[in-house]
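Worksheet: the structure to be examined is printed underneath.
The values are calculated or read from the model by the stated rules, or taken from the named source; none is laboratory data. Here the structure is a predicted model, which is why all the values come from computation and not from measurement. A quick note on method: Cβ atoms are made from the backbone with ideal geometry, for glycine too, and the neighbour counts reach across all protein chains shown.
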Amino acid sequence: MIAIGLLFVRMLCDCFKPRQQLQAEILVLRHQLNVLRQRAPRRPHLRWTDRALLIWLYRRCPRILSAITIVRPETVLRWHRMGFVAYWRWKSRSPGGRPRIAKEVRDLIRRMSLENPIWGATKIHGELLKLGIQVAQSTVSIYMVPRPDRPLQTWKTFVRNHMEGIASIDLFVVPTIAFQQLFAFLVLGHERRRLLWFAVTRNPTAEWLARQITEAFPWDSAPKYLIRDNDRAFGVAFKARVRAMGIRDRPTSYHSPWQNGYVERLIGSIRRECTDHLLVFNVEHLRRILSKYASYYNEARTHVSLGKDAPCRRPVERFGDIVAYPVLGGLHHRYARI
């Protein structure tokens with residue numbers, strides 16, 4: 001501070017000196033700075049008072065940047081910006097924060113969250129209001145005990161709770177004997193794992209898929225939810241048709257085929273029990289094969305998840321002789337009593 005005071009005193013004295021003497025002193029000072037910069041290449045350490053003085057001079061006369069040699073002009077500009085930010089941070093500082101929550105209230109919030117695991121912040125906040133405790137709901141959510149086993153509704157829970165009103169769809173590829181690709185479209189009802197609809201095409205467009213959805217759910221038989229993957233084939237026309245039918249579209253997350261596990265399991269069963277053992281010639285041939293397998297799948301094939309019953313509730317036959325009926329040329333058999 002003393003050096004800065006002496007600087008201002010000498011500045012006042014310079015006001016009474018002749019112009020030639022001032023120019024000569026400026027030239028000598030610049031030469032001395034050049035000599036010092038050559039012999040002391042290390043970066044000089046400036047105090048905050050020195051920085052404040054340079055910033056004040058820069059604000060008074062921005063052209064002094066061309067005369068500064070001990071630091072770069074960009075450095076002075078950066079100091080000025082930092083001072084601007086610090087000033088407005090101090091200007092907009094908060095006079096005070098929220099009042100502290102009493103320990104008794106915090107313990108009560110934790111106790112309520114432990115004793116009522118299905119309660120959320122809204123429910124606990126309501127109970128606190130009825131007890132005469134005025135706190136914000138955001139405060140309640142902060143002090144609730146985080147429990148990883150809190151019974152929230154996961155995707156599996158959603159599928160299990162809405163089993164009756166859920167259908168899932170998917171496409172799978174079947175190669176032909178001529179090395180062509182056919183696409184089979186499946187619609188599966190989750191309530192009884194019943195294969196509701198299938199179709200075959202060479203090019204599954206959004207319009208074609210929308211038409212298949214209409215044919216799979218005529219009149220008022222449409223489900224409440226439709227689970228599908230994020231295939232590009234399910235385009236704008238398909239989404240518009242689903243929405244017009246009053247079906248709530250539920251696409252799965254990316255790279256999460258397990259969220260559509262029922263229809264994925266159906267595709268695996270069709271491959272293992274049907275298409276992997278047969279040669280497909282064309283679209284009509286694959287359609288006939290899938291038609292026969294669909295009848296066998298819905299009416300005869302037993303499912304572990306259905307208590308070893310068929311989707312169409314196959315009755316128990318206790319009397320008569322056992323006869324085998326071949327399915328798909330003897331690939332499978334259906335057994336019944338006559």
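Computed values, structure above
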{"read-out": "Condition check for VAL187: in contact (Cβ under 8 Å) with a residue 12 or more places away in the chain, over 18 Å from ASN260 (Cβ atoms) and either of a type in the set (D, E, K, R) or crowded, with 17+ Cβ neighbours inside 10 Å (or both)", "value": "no"}
{"read-out": "Residue among ALA216, ALA233, ALA237 that alone is out of contact with any helix residue (DSSP H, G or I) (no Cβ under 9 Å at 6 or more places or on another chain), under 20 Å from PHE183 (Cα atoms) and either hydrophobic (A, V, I, L, M, F, W, C) or modelled with pLDDT of 95 or more (or both)", "value": "ALA216"}
{"read-out": "Qualifying residues in segment 272-329 (those that are outside the structural domain of VAL174 (by TED's automatic domain parsing) and aromatic (Phe, Trp, Tyr)) - the one farthest from ARG192 (Cα to Cα)", "value": "PHE319"}
{"read-out": "Failed criterion for VAL263 (all others in (1) surrounded by fewer than 18 Cβ atoms within 10 Å (Cβ to Cβ); (2) in contact with an Asp or Glu (Cβ under 8 Å, 6 or more places away or on another chain) hold)", "value": "(1)"}
{"read-out": "Given (1) at pLDDT below 90; (2) charged (D, E, K, R); (3) within 27 Å of the chain's Cα centre (by Cα), number of the condition ARG248 does not satisfy", "value": "(1)"}
{"read-out": "Index of the failed condition, TRP219 passing every other in (1) touching a Leu at 6+ places or on another chain (Cβ under 7 Å); (2) on the phi > 0 side of the Ramachandran plot", "value": "(1)"}
{"read-out": "Matching option when the condition is closer than 17 Å to VAL200 by Cα and exposed (fewer than 15 other Cβ atoms within 10 Å of the Cβ), among SER291, SER295, SER305", "value": "SER291"}
{"read-out": "Subset of segment 213-232 that is surrounded by fewer than 18 Cβ atoms within 10 Å (Cβ to Cβ) and under 26 Å from the mean Cα position of the chain (by Cα) - its residue that is farthest from GLU191 (Cα to Cα)", "value": "ARG232"}
{"read-out": "Residue satisfying all of: in segment 254-296; within 37 Å of the chain's Cα centre (by Cα) and aromatic (Phe, Trp, Tyr); nearest to VAL174 (Cα to Cα) among these", "value": "TYR262"}
{"read-out": "Counted residues, segment 240-260 - those being crowded, with 16+ Cβ neighbours inside 10 Å and in a helix (DSSP H, G or I)", "value": "4"}
{"read-out": "Segment 314-328, residues that are part of a loop (DSSP other than H, G, I, E, B) and touching a residue at least 12 places away in the same chain (Cβ under 8 Å)", "value": "ARG314, GLU317, ARG318, PHE319, GLY320, ASP321, LEU328"}
{"read-out": "Residue within segment 274-288 that is assigned to a loop (DSSP other than H, G, I, E, B), in contact (Cβ under 8 Å) with a residue 24 or more places away in the chain and either touching an Asp or Glu at 6+ places or on another chain (Cβ under 8 Å) or under 24 Å from GLU191 (Cβ atoms) (or both) present", "value": "yes"}
